[in-house]
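A short reminder: the numbers here are calculations on the coordinates, not readings from a lab. Values in this document were obtained by computation on a predicted structure and should not be read as measured data. Virtual Cβ from ideal backbone geometry, glycine too; neighbours counted across all protein chains shown.
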Amino acid sequence: MTRSYRVDDLVDFNVYPLDETVSPEYKVALSQAREQLQHDGCAVIKNLLRPTAVKIISQEIIARKQTTHFSTSSMNPYFHSTKNSDYPDRHPVNTFIERSSGFIPGDSWDSSLAIDVLFRSEALTAFIRDCLETDSVYCYADPLAGLTANILDPGQQFAWHFDTNEFA
């Protein structure tokens, strides 16, 4: 029997009341995340997920590992694979590193899974939007690339790179 999850099964709403944006707890969490983003460029929201949620999501990922699409390529930090003669050899644009990893594609998940419930949660999306102080945040609608899990087996590497997203 497949279990259906609600966001509050996965996120402790007593600590992170995503459904009560005017509560003191929400405001504290928001303030802490914004401060980290301002200072460090990233935020760690400790214990956002219940320990049981982390375990469930880990099991969901492991159960779908056989659907992983693996690839190996050599690329620079800008996702290019050819040398650019406009720059010196030692310039990062001409520095190529192996990238060997995989991802579980979006069509491997279904709406009953905890990971999908979090991905599509309006409350969690609104919290992220509030943390980022932006007007809109959308779930990526691509059926393969929308919700993915990166997989690295021993010996594989996900090379350092510049993300082209405004935030990730």
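Quick notes on this one:
- Filtered residue count, region 58-82, keeping only those that are touching a residue at least 12 places away in the same chain (Cβ under 8 Å) and within 19 Å of W160 (Cα to Cα): 12
- Criterion applied to Y78, Y140 was being of a type in the set (S, T, Y) and farther than 23 Å from V54 by Cα, and the one residue passing it is Y78.
- Filtering region 139-168 to residues that are farther than 25 Å from Y78 by Cβ and within 15 Å of the chain's Cα centre (by Cα) leaves C139, A141, L147.
- Figure legend. Inter-residue proximity from region 109-134: first residues within 18 Å of S23 (Cα to Cα) and free of Cβ contacts under 8 Å to residues at least 60 places away in the same chain, second residues charged (D, E, K, R) and not in a helix (DSSP H, G or I), beta-carbon distance below 8 Å, spacing 6+ or different chains. Indicated pairs: R129/D135.
- Test: residue in region 95-117 that is surrounded by fewer than 17 Cβ atoms within 10 Å (Cβ to Cβ), hydrophobic (A, V, I, L, M, F, W, C) and in contact with a Phe, Trp or Tyr (Cβ under 8 Å, 6 or more places away or on another chain): yes
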